[in-house]
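The values are calculated or read from the model by the stated rules, or taken from the named source; none is laboratory data. As the structure is a prediction and not an experimental result, all values here were calculated from the model. Note: ideal-geometry Cβ built from the backbone for every residue, glycine included; neighbour counts use all protein chains shown. What goes into the accessible areas is simple: the full protein's heavy atoms, side chains included, and nothing from ligands, DNA or RNA. Shrake-Rupley method; radii C 1.70, N 1.55, O 1.52, S 1.80 Å.
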Amino acid sequence: MDDLELLDELGKGAYGTVRKVRHTKTGVEMAMKEIRLELDDAKLNAIIMELDILHRATEPQIVEFYGAFFIESCVYYCMEFMDAGSLENLYDGRCSVPEDVLARIVGKTVRGLRFLKDELQIMHRDVKPTNILINRRGEVKLCDFGVSGQLEKSLAKTNIGCQSYMAPERIKGEYQNMLGTYTVASDVWSLGLSIVETTMGTYPYPPETYSNVFAQLQAIVHGDPPQLPDSYSETARDFVARCLEKVPSRRATYAQMLEHPWLLGDEARGLDGVDMRGWVKQALMRKAARKEREREQQNDAAA
Ligand code: ATP
Ligand code: MG
């Protein structure tokens, strides 16, 4: 920690805070995630050892891992700083993401997930818009995947919050004491839900429309899956429907997704065929303008 200069706070999650930091010896800027865990040193050490496999996760679609350490009962996890934040930070209301940009983001995400599965033999377990990070160069990278079983177990006690990206079979499994058939297909559901959220500008099962969390989870398990808005192409809508199949065995695999016309179309557009930088720049400007408006409204209200 002595080697790090603490900079801005980047965000807060259910388990701790993410801060921008600078490694003073090298000048490298990083994102440092603090995870508070009430564990003994042996367990904390086990987590740090498990996280070590992240040094093998060198892939363009995975956020680079710089190392982890613990102090008292906190694990500190240092990773590549993504200067445009998460996908949640960039979408802005309904249909603010053009279809070619969306296909590019999804294509990259699917490649990242396939890498985790094929090369590291792990599932992500927490696919959602805040765990898909983007930078001003228009690169898309995954973070916060389930690499440490011990870390996972230590987090498991907290409740699942009001925005569940869990697949129906996983929700059922939670009720049956974690014995659900929870496989890589569950990540595919979460991806589908994240795509719909990105295009709608809100989480598809808004908590305020349900009287309680149980009713909301019932809707995920028993209701019709959400769909992409009509303004997107039939091909895009079909792709998302293939991710949001209720029965896990019918859901698309990563190989099938990469062969789907929607992602083949994205690949055909090539490296410069989608203006990712331009879109990120605009999205960040929209966000800054929105923040400014909110500030003005607050000032007016105060006056
Ligand atoms: P949860 O706690 O449920 O996982 P979360 O993903 O929002 O939710 P964190 O993982 O703690 O919580 O992240 C908080 C926020 O910090 C994210 O929403 C994201 O905007 C930001 N963030 C995380 N990692 C980075 C990073 N490497 N670079 C830039 N911003 C980041
Ligand atoms: Mg996260």
By average C-beta atoms within 10 angstrom, highest first, the peptides 62-75, 13-26, 81-94: 81-94, 62-75, 13-26
Point-charge dipole on Cβ atoms (K/R +1, D/E -1) for the chain, about Cα centre, debye to 20: 340
Extended-chain gain in nm, criterion 0.36 nm per residue less alpha-carbon gap, TYR210 and ASP41: 56.7 nm
Net length gained if the chain between ARG250 and ASP118 were fully extended (0.36 nm per residue, minus Cα distance): 45.5 nm
Cα centroid of the range 276-290 to Cα centroid of the range 1-70, whole Å: 27
Value of relative contact order over the range 4-80, rounded to a whole percent, pairs C-alpha under 8 Å and six or more apart: 26
Karplus-derived HN-Hα couplings along the range 126-139 (A = 6.51, B = -1.76, C = 1.60, θ = phi - 60°), whole Hz, x at Gly and Pro: 8, 6, 6, x, 6, 9, 10, 9, 9, 10, 5, 7, x, 7
Amide hydrogen neighbours beyond the local backbone of LEU10, cut-off 5 Å, H modeled: VAL18, ARG19, LYS20
Interchain or long-range residues, amide H under 5 Å from LEU228's placed H: none
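Assign one of three labels to the chain, namely rounded, prolate or oblate, based on the Cα gyration tensor with a ≥ b ≥ c the square roots of its eigenvalues; rounded applies when a/c is under 1.5, prolate when it is not and a/b is larger than b/c, and oblate otherwise.
Rounded, since a/c falls under 1.5.
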Antiparallel content of DSSP bridges confined to the chain, in %, to 5: 95
Surface share of carbon and sulfur [accessible, 1.4 angstrom probe, percent] for the chain: 49
Segment ALA289-HIS222, extension gain: residue separation times 0.36 nm, minus the distance between their alpha carbons: 20.1 nm
Per-residue ³J(HN,Hα) for the range 62-70, Karplus 6.51 cos²θ - 1.76 cosθ + 1.60, θ = phi - 60°, Hz, x for Gly and Pro: 10, 4, 5, 9, 9, x, 9, 8, 10
Cα Rg, Dmax, the range 4-80, angstrom units: 12.7, 35
About the Cα centre, charge dipole magnitude for the range 4-80 (Lys/Arg +1, Asp/Glu -1 at Cβ), debye: 140
For the chain, with +1 on Lys and Arg beta carbons and -1 on Asp and Glu, the positive-most of GLN61, ILE134, VAL213 along the dipole: VAL213
Reach of LYS117 by Cα under 27 Å, taken over lysines that are not fewer than 8 positions away in the same chain: LYS33, LYS43, LYS108, LYS128, LYS141, LYS153, LYS157, LYS172, LYS246
Karplus-derived 3J(HN,Hα), 6.51/-1.76/1.60, for each residue of the range 80-94, Hz, glycine and proline x: 3, 7, 9, 7, 10, x, 8, 4, 4, 5, 9, 6, 8, x, 5
Separation in nanometres of the label points that stand 7 Å from Cα toward Cβ, at ARG136 and THR235: 3.3
Rounded to the nearest 20 debye, dipole of the range 1-157 from Cβ charges on Lys, Arg, Asp, Glu: 480
For the chain, with +1 on Lys and Arg beta carbons and -1 on Asp and Glu, the positive-most of PHE145, GLY27, GLN282 along the dipole: GLN282
Mean ellipticity per residue at 222 nm, deg cm²/dmol - from DSSP H runs of n ≥ 4 across the chain, formula -39500 (n - 2.57): -13500 deg cm²/dmol
